[in-house]
Amino acid sequence: MRVLLIEDEQRLAENIVAALRETGLAVDYALDGEAGSHLAEQGVYDAIVLDLMLPGKSGQRVLRDLRREKIHTPVLILTAQEGKESIVSLLNAGADDYLSKPFDLGELLARIKALIRRAKGVSNPILMVSDVELNTVQQTVRRRGQLLDLSPTEYRILEYLIHRPRAIVSKQELLEHLYDFDWEHHSNVIEAHVSNLRRKLNIAGTEPLIETLRHRGYRLRDEIAVL
């Protein structure tokens, strides 16, 4: 999944980015409201973490402009304002969740992943498609009970495909959601990862799970189910 962080405290931003990337999320970040708005309006993110006190353009204005432009990406607010009225105002303005500073990075990560799951219509952290079980908390994958040894990128590709049931997902879409802007995009890298993922999923006695549609992309062959 791909997350945008808009936070002007550079050390805090770097710590958050490092923690999120360590869990397999692709992260872009901006240190002011104007730059953050520009990135957010591209609509390629699965979640946005937004500080309120930003130079140039406040977090409230960023949030208001996003919702006015009909961008419905889940937004988690980082705030030092703990008054009930200010929190109610943020939620009414379109925020999906908030976290008061100082906060625990583990809690931040859990809240971000919960927002993403809810936005995709999946409330349970354990996903199933066909006979494959993917645990989004433990980041493990099993097929017919057998634990599969996937690389972090292979896991992220499978998780993204499961969140897009029946949809044809292009290589470009995978690149946009699996990597941040600092990474040099090459579609043949996606092809290599999908090829390895398909090989690891095709254990003895199972049907192929990932379908390749020539010049279009990839699609899972079965519907998503949730335990």
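Among DSSP beta bridges lying fully in the chain, give the percent that are antiparallel, nearest 5. Taking every DSSP beta bridge with both residues in the chain, the antiparallel ones total about 50 percent.
Summing charges over neighbours of GLY56, with a neighbour being any other residue whose Cβ is under 11 Å away from its Cβ, gives -1 when K and R count +1 and D and E count -1. Note on the chain: semi-axes of the ellipsoid equivalent to its C-alpha gyration tensor, largest first and rounded to whole Å, are 34, 18, 16. Taking amide hydrogens as placed 1.01 Å from N in the peptide plane, the amide H of VAL49 sits under 5 Å from those of LEU4, LEU5, ILE6, LEU76, each at least 5 positions away in sequence or on another chain. Listed by chain and number, the lysines placed with their C-alpha closer than 21 angstrom to that of LYS200 are LYS171; residues fewer than eight positions away on the same chain are left out. Computed over the chain, relative contact order equals 18 percent, with contacts defined as Cα pairs under 8 Å that lie 6+ residues apart.
For GLU133, what charge total do you get from the other residues with a beta carbon under 10 Å from its beta carbon, if Lys and Arg give +1 and Asp and Glu give -1?
Residues close to GLU133 contribute a combined charge of +2.
Annotation: lysines with alpha-carbon distance below 26 angstrom to LYS57 (same-chain offsets under eight excluded): LYS70, LYS84, LYS101.
Fewest-first ordering of ARG2, ARG199, ARG21 by other beta carbons within 10 Å of each residue's beta carbon gives ARG199, ARG21, ARG2. Sorted largest first, the principal axis extents computed over the alpha-carbon atoms of segment 2-119 equal 33, 30, 30 Å. Sorted ascending by nearby beta carbons within 10 Å, beginning with the fewest, HIS193, HIS215, HIS163, HIS38 become HIS215, HIS38, HIS193, HIS163.
With Cα atoms defining each centre, segment 1-54 and segment 87-151 are spaced 17 Å apart in the structure. Computed from the C-beta positions of GLN42 and ASN202, the FRET efficiency with R₀ = 45 Å rounds to 0.80.
Between MET53 and LYS70, the simple label model (points 7 Å from Cα in the Cβ direction) yields a spacing of 3.7 nm.
Every read-out reported here was derived from the displayed coordinates using simple, explicitly stated rules and does not represent laboratory data. Predicted model only: the values in this text are computed from it and were never measured. When we count neighbours, we look across all protein chains shown, and the Cβ atoms used for this are built from the backbone with ideal geometry, even at glycine.
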